[in-house]
Amino acid sequence: MREVAIVAFAQSDHRPDTSDVSEVEMLMPVLRRVLDDVGLTAGEIGFTCSGSSDYLAGRAFSFTMALDGVGAWPPISESHVEMDGAWALHEAWTKLLTGEADTALVYSYGKSSPGDLREVLTRQLDPYYLAPLWPDSVSLAALQAQALIDAGETDERALAGVAHRSRTAAEANPHAQLSGSAAPGPLLDTPYLVRPLRRHDCPPIGDGAAAVVLAAGDTARGLCPRPAWIRGIDHRVEPHALGVRELTRSPSTRLAAERAGAFDAPVDTAELHAPFTSQEVLLRRELRLGADVRVNPSGGALAANPMMAAGLIRLGEAAAAIHRGGSDRALAHATSGPCLQQNLVAVLEGEPS
Amino acid sequence: MTPAPSSSEALRAPLVVEFPFTRSLGPVQSDFLTGLRERTVLGVRTTDGRVLVPPVEYDPVTAAELRDLVEVAPTGTVTTWAWNPSPSRGQPLDTPFAWVLVRLDGADTALLHALDAPGPEAVRTGMRVRIRWAERRTGAITDIACFTPDGDAAAPAAGPAPHSGEFTEPVRGIVAPARLDYTYAPGRAQTRFLAALAGRRTVGERCPSCRKVYVPPRGACPTCGVATAEQVEVGPHGTVTTFCIVNIKAKNLDIEVPYVYAHIALDGAGLALHGRIAGIPYDQVRMGLRVTPVWTEDGRYPDHYRPTGEPDADYDTYKELL
Ligand SMILES: [Zn+2]
């Protein structure tokens, strides 16, 4: 099988409101940086794959406007997923494995600011039994958090600890939308948003974009001093009915991790896409992450959660840690849907220097 | 080159996306939703004997087709909950309530709905609840108005009873209205374009790489993948590159048919925009016709384009813009 690596990663500064720029205007500087990093032009890329959602913009085929930013005319080899960019990366990885391309540009972006995100996300739910009730995204996460508390897996103080650790780590992340945190004790004095979740348990709502470049074999070695080789990547989904699922478990994450080879050797770093504090508790257990693993040194989705990009950013952050020699074997996780509905796990490695 | 407006000048406008989704139901969904209309809750039995409520058409584990219906109780147990202090549009209750997953008596899975309770201290996992039916029921999940606390009532001893799923006038589909409110912001390039248009000037943007002038500009050159920033006023005259004759009267449009809709390359523009041609009989419009915009008094964009009287443009001057 061909070896494929992430050779470059760039992201925007994530902001609560970017109404001064269009989607393509927000995206273009990120594309420019990621391509400059490997010294390629858009025209030299073998395959381009993007992730975004029309429901965020409120306009059909909104991704076609963003395509202007990659120079898609005359037509290039290109694809789009109406999902987080992590799944676009999976498609691009598959494309490189076929040998049809040696390089791929993967990007994704989301502007939550034009709409009411908690309301918009209800439209991804089962249209017969759930969507007519308009259950918002924070409330669904709160149901899962309460189930974890009832099961004795965590408590509100531990969740505040996750928030505090993540946002403190984000102080070193110049792209973070939210960084710095009060200590867990004072956090517990704040009111509930949707009990048992408080505001600090929830991700910031904002706009942002991210991009990575993938390359195969010697092309990757030529573009990057220390490529982040994708040793395994897999994604799995839970039954779509919330009431069928055991909300305190994530069998799909466990299975994806097994298939990606996450348990074959210990990882030193993990970037988890856990928009809510309670979800990190669950993911740590399913991914068997010990206390010695650096979890979300970027601050994770609690520091910046641009829809459709936050999962790709986990892969990008894990790869960037390998590029700069800060990690030798890292796990990256991305999620989509309510209560960790769908999960992707990738294992990245750098070669010994 | 005009200076770019600062971000505070960026345009924004309300955008409402609203449509009714008409969805057909599978046989199991049809029986379940018709049952709700009749105050009967049906579940479906899976291959391994579990009872799913709400029921699905296919087994979540084996993917086998499921048709074995049973009736479960209108009472159940809360398996998890979340207190929603500020209900939003469309949610089951407009006063603070608890979202709950409820395992109805006789079911092995839980159903999401709202619980009408005085406050979070009145809610706990494991509490007993009962369905409150909506007064007007149509065969939808909202036929359950919500759940209410059911005190210390014990679960019924009897298990789920087989049910034929047969009702008179079964529900075969649902109409699910959806409305989302947005604030649309077109970004820098389109804001500059619209601001110039308000002064009856058409301003495109030039690609720094291939020099093509985009009208209207979208902020990037789709060929080079770079940002456009240099503003270039184009027109006002232009050339019809191609056209069609419209014979169907559009709803809410006060224009007599037939009329001509054309692609128009404004002088200096690198691609054609489109507009209506008037001031000339429809059957005399032709490729190469020279036109200029006509503005109505309060129009924010040209109402239509009329012939200038200049000689027709040579085909070679606009063939790249077709
Ligand atoms: Zn160009």
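The values are calculated or read from the model by the stated rules, or taken from the named source; none is laboratory data. This one's a predicted model, so the numbers in the text were calculated from it and none came from an experiment. As a convention, Cβ positions derive from the backbone with ideal geometry for all residues, glycine included, and neighbour counts pool all protein chains shown. All accessible areas refer to the heavy atoms of the entire protein, side chains included, with ligands and DNA or RNA removed. Shrake-Rupley method; radii C 1.70, N 1.55, O 1.52, S 1.80 Å.
Laid out as a table, the results:
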read-out	value
Ordering of A:251-261, A:136-146, A:290-300 by packing [mean C-beta count within 10 Å, highest first]	A:136-146, A:251-261, A:290-300
Listed residue (B:ILE248, B:TYR214, B:PRO293) projecting farthest to the positive dipole end of the stretch B:186-321, Cβ model	B:TYR214
Spherically averaged projected area of the stretch B:186-321 from its Cα convex hull (nm²)	8.9
Relative contact order, percent, the stretch B:186-321 [alpha-carbon distance under 8 Å, six or more residues apart]	20
Radius 15 Å from Cβ of B:PRO236, net charge of other residues (Lys, Arg +1; Asp, Glu -1)	0
Unit charges at the beta carbon, dipole of chain A: most positive-side option, A:ALA310, A:PRO338, A:MET83	A:PRO338
For the protein assembly as shown: rounded, prolate or oblate by the Cα gyration tensor [a/c cutoff 1.5]	oblate
The stretch A:237-253-the stretch B:213-273 distance, computed between alpha-carbon centres (Å)	51
Helix axis angle, B:187-198 relative to chain B longest principal axis, alpha carbon, degrees	50
Under 25 Å from B:LYS212, Cα to Cα: lysines that are on another chain or at least 8 residues apart	B:LYS319
Per residue convex hull volume, Cα atoms of the stretch B:1-95, in Å³	267
Solvent-accessible area lost in complex, 20 Å² minimum, residues of the stretch A:163-206 relative to chain alone, 1.4 Å	A:LEU193, A:VAL194, A:ARG195
Reachable lysines, given that their alpha-carbon falls under 22 Å from the alpha-carbon of B:LYS251 and they are not under 8 places away in the same chain	none
Within the stretch B:50-116: Cβ-based charge dipole about Cα centre, in debye rounded to nearest 20 (Lys, Arg +1; Asp, Glu -1)	240
Dipole magnitude of the protein assembly as shown, debye to nearest 20 (Cβ charges: Lys/Arg +1, Asp/Glu -1, about Cα centre)	480
Local net charge near B:ARG130, Cβ-Cβ under 14 Å (Lys/Arg +1, Asp/Glu -1)	0
Highest-MSF residue in chain A out of A:ALA160, A:ALA319, A:ALA86 [GNM, Cα springs under 10 Å]	A:ALA160
Sparse-neighbourhood loop sites, GluC sites (Glu not before Pro) in the stretch B:82-178 - DSSP loop, at most 15 other Cβ within 10 angstrom	B:GLU135, B:GLU166
Mean accessible surface per residue for the protein assembly as shown, computed with a 1.4 Å probe while every protein chain stays in place, in Å²	42
Cα centroid of the stretch B:48-85 to Cα centroid of the stretch A:123-157, whole Å	17
Per DSSP, loop GluC sites (Glu not before Pro) in the stretch B:204-295 with at most 14 further Cβ within 10 Å	B:GLU256
Mean Cα-pair separation over length for chain A, i.e. relative contact order, pairs under 8 Å, 6 or more apart, %	25
Net charge, A:LEU96 excluded, C-beta distance under 9 Å - Lys, Arg +1, Asp, Glu -1	0
Dipole of the stretch B:26-171, positive end: most advanced residue of B:THR138, B:THR62, B:PRO170 [Cβ charges, Cα centre]	B:THR138
Euclidean distance between Cα centres, the stretch B:188-203 to the stretch A:8-49, Å	26
Dipole magnitude of the stretch B:228-292 about its Cα centre (Cβ charges: Lys, Arg +1; Asp, Glu -1), debye to nearest 20	240
Size of the B/A contact, given as accessible area buried on both chains, probe 1.4 Å, in Å²	4700
Evaluated at q = 0.14 Å⁻¹: base-10 log I(q)/I(0), Debye formula over Cα of chain A	-1.12
Loop-located trypsin sites (Lys or Arg not before Pro) in the stretch B:226-282 whose Cβ has at most 14 other Cβ within 10 Å (DSSP)	B:LYS249, B:LYS251
Rounded to 5, percent antiparallel among DSSP beta bridges of the protein assembly as shown	85
